[in-house]
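Contents: one structure, followed by commentary.
The values are calculated or read from the model by the stated rules, or taken from the named source; none is laboratory data. Bear in mind that the values here come from a model prediction, so they are computed numbers and not experimental data. In this analysis, Cβ positions are derived from the backbone assuming ideal geometry, glycine residues included, and neighbour counts consider all displayed protein chains. When the accessible area is computed, the model is the full protein with side chains, heavy atoms only, and any ligands, DNA or RNA have been set aside. Shrake-Rupley method; radii C 1.70, N 1.55, O 1.52, S 1.80 Å.
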Amino acid sequence: MVTALSRICALPAISPHNGGSGEEAKAKEIEKLISGLGLGSVEWQRVDDAKSPTGNRPSLFLEVKGACPRRLCILSHMDIVPEGDRSFWTLDPYSPVVRGSRLYGRGVSDNGMAIISSIYALHTLKKLNITPAYTVCLVFLSDEELGSSFGVKPLLERGLFREDDLVIAPDSGNDSGDFVEIAEKSMLRMEFTVTGKQSHAARPDTGVNACRAANLFSVELDEALHTTFQEKDALFDPSVSTFEPTRRAANVPNMNTVPGKERFGFDCRVLPSVPLDDVLKVVERVRDEVSRRSGTVIEIEVKRDDAAPPTSEDSDVARLLLSSIKKVLNVKPVFGGIGGGTFAAFFRRKGIPAVVWQQEPEGTAHQPDEYTEIEYIVNNAKVFAGMMSGN
Ligand SMILES: [Zn+2]
């Protein structure tokens, strides 16, 4: 498994929209691995992408018949985030290497080990002559890191998934392997442009200070959102909605000019019980107030992702996963929600219950010197094999 994982992670699959050449080479390597293990032939699904050197982005489906036609779908993604600043790496990100109990390299944890664990779970069942209880469908997807517009989103529209599919996305988790994600917060990103009138700093009376208005707006909005939305939901950690001022764009290069324009942003993760429209109403009210008081014009650019309904703890897929985790890891799994951003939400929105789980090293995804524990790759394969065989 380590050799196979090293082989596929030596092929960087960075989005063409992130300066890379896409997933094609990695997909071919995965196809080779699967046919080499005698697991059958994969079906290629391609989504047009003019920016990709091949003109499209590939995803692979491997379906193996089980005792019943109902499918257990294990989804992993082939794409990775770029290595970032190389000087932060102590190793070559694309020459995976074993050090002690770990395998290092970009994409070994996010999300390469899910690819390998799911393939080897199936391989093991085959070696032991066990017919899977469910029809097993392994899906290797493109474009997860940048929002799945060339991956699972269009594939869902093609009707490649069914309402009774048991869906697991092993793309997030913790070291003990006891955290099962079944819910997500809504995500709201707002960028504000505050326009006043630039002037000499010695003559502020001739301008309208956009910096002061932006400061005021940022503080008042922060306070208004936190006092209005105090709901709690124990499923999540943190258990409240979060409203964070984050990016602030540069304004003027010199100190002695009063800026006429300011841009800054808020990143909000909102509990599913709070409608984003209610949040936006508060934002607009504060905006109008500050705008009137400061004499500035404040424009709002909104990006939103409304939370999908949570997957039930009693859903078949959650129960199947839970009993397999208990057997393999001997832990008591807990259900929870996260701040948003996994592709399980696309399934939940379509009414297909989906869970997110794997045993993974915390805090290593997207970081320099990304690694995984070799033991986790094996444990995850065991949990998947348990699910495939219906425990
Ligand atoms: Zn991932």
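Just to verify a result, which residue in segment 1-44, among those that are under 24 Å from the mean Cα position of the chain (by Cα) and among the hydroxyl-bearing types (Ser, Thr, Tyr), is nearest to LYS127 (Cα to Cα)? Result: SER6.
Just need a number here: residues in segment 343-356 that are within 13 Å of the ligand (Cβ to nearest atom) and either more than 18 Å from ARG269 (Cβ to Cβ) or at pLDDT 95 or above (or both). So that I can check it myself, show each step before the final result.
Initial filter on segment 343-356 (within 13 Å of the ligand (Cβ to nearest atom)): 343-344, 356.
With the extra rule that they be either more than 18 Å from ARG269 (Cβ to Cβ) or at pLDDT 95 or above (or both), the set shrinks to 356.
Number of matching residues: 1.
Figure legend. Inter-residue proximity from segment 327-342: first residues closer than 25 Å to ASP267 by Cβ, second residues away from the ligand (no atom under 14 Å from the Cβ) and hydroxyl-bearing (Ser, Thr, Tyr), beta-carbon distance below 8 Å, spacing 6+ or different chains. Indicated pairs: GLY339/THR242; GLY340/SER186.
Could you list, in sequence order, the residues of segment 266-275 that are closer than 23 Å to ARG248 by Cα and open to solvent by less than 10 Å² (accessible area, probe 1.4 Å)? Lay out the reasoning, then the answer.
Here is the first cut: in segment 266-275, the ones closer than 23 Å to ARG248 by Cα are 266-270.
Those that are closer than 23 Å to ARG248 by Cα and open to solvent by less than 10 Å² (accessible area, probe 1.4 Å): PHE266, CYS268, VAL270.
Listed residues THR246, THR311, THR257, THR242; which is among the β-branched types (Val, Ile, Thr) and under 30 Å from ASP164 (Cβ atoms)? Give the steps one after another, and end with the answer.
Values: THR246 fails: under 30 Å from ASP164 (Cβ atoms); THR257 fails: under 30 Å from ASP164 (Cβ atoms); THR242 fails: under 30 Å from ASP164 (Cβ atoms).
Just a single option satisfies the conditions, and that option is THR311.
Go over the candidates PRO310, PRO368 one by one and state the one that is open to solvent by 40 Å² or more (accessible area, probe 1.4 Å), assigned to a loop (DSSP other than H, G, I, E, B) and modelled with pLDDT of 95 or more.
One residue alone meets the criteria, PRO368.
Could you tell me which residue of segment 234-248 is nearest to VAL194 (Cα to Cα), considering only residues that are part of a strand (DSSP E or B) and open to solvent by 40 Å² or more (accessible area, probe 1.4 Å)? Spell out how you get there, then give the answer.
Restricting attention to segment 234-248, the residues satisfying the condition of being part of a strand (DSSP E or B) are 236, 240, 242-248.
Filter again for open to solvent by 40 Å² or more (accessible area, probe 1.4 Å), leaving 240, 244-248.
Working: VAL240: 29, GLU244: 18, PRO245: 15, THR246: 16, ARG247: 14, ARG248: 12 Å.
Among them, the one singled out is ARG248.
Can you tell me which residues in segment 111-162 are of a type in the set (Val, Ile, Thr), surrounded by fewer than 16 Cβ atoms within 10 Å (Cβ to Cβ) and more than 18 Å from ALA385 (Cβ to Cβ)?
Quick first cut of segment 111-162, residues of a type in the set (Val, Ile, Thr) only: 115-116, 119, 124, 130-131, 135-136, 139, 152.
Narrowing the set further to residues that are surrounded by fewer than 16 Cβ atoms within 10 Å (Cβ to Cβ) leaves 130-131.
Within segment 111-162, no residue meets the criteria.
Please find, within segment 78-94, the residue that is nearest to the ligand (Cβ to nearest atom) out of those that are outside any helix (DSSP H, G or I) and exposed (fewer than 14 other Cβ atoms within 10 Å of the Cβ). By that ranking, first place goes to GLY84. Among the residues of segment 15-35, those identified as open to solvent by less than 20 Å² (accessible area, probe 1.4 Å) and farther than 14 Å from ARG57 by Cα are ILE30, LEU33, ILE34.
Checked against (1) part of a strand (DSSP E or B); (2) surrounded by 18 or more Cβ atoms within 10 Å (Cβ to Cβ), ASN251 meets all criteria but (1). Give me the residue from segment 360-391 that is under 19 Å from LEU166 (Cα atoms) and of a type in the set (S, T, N, Q) and, out of that set, nearest to the ligand (Cβ to nearest atom). My answer is ASN380. Working carefully through the options VAL317, VAL334, VAL328, find the one that is in the same structural domain as CYS137 (by TED's automatic domain parsing), closer than 23 Å to SER148 by Cα and more than 18 Å from the chain's Cα centre (by Cα). Unique residue meeting the criteria: VAL317. Quick check, is GLU375 open to solvent by 10 Å² or more (accessible area, probe 1.4 Å), of a type in the set (Asp, Glu) and under 19 Å from SER6 (Cα atoms)? Yes.
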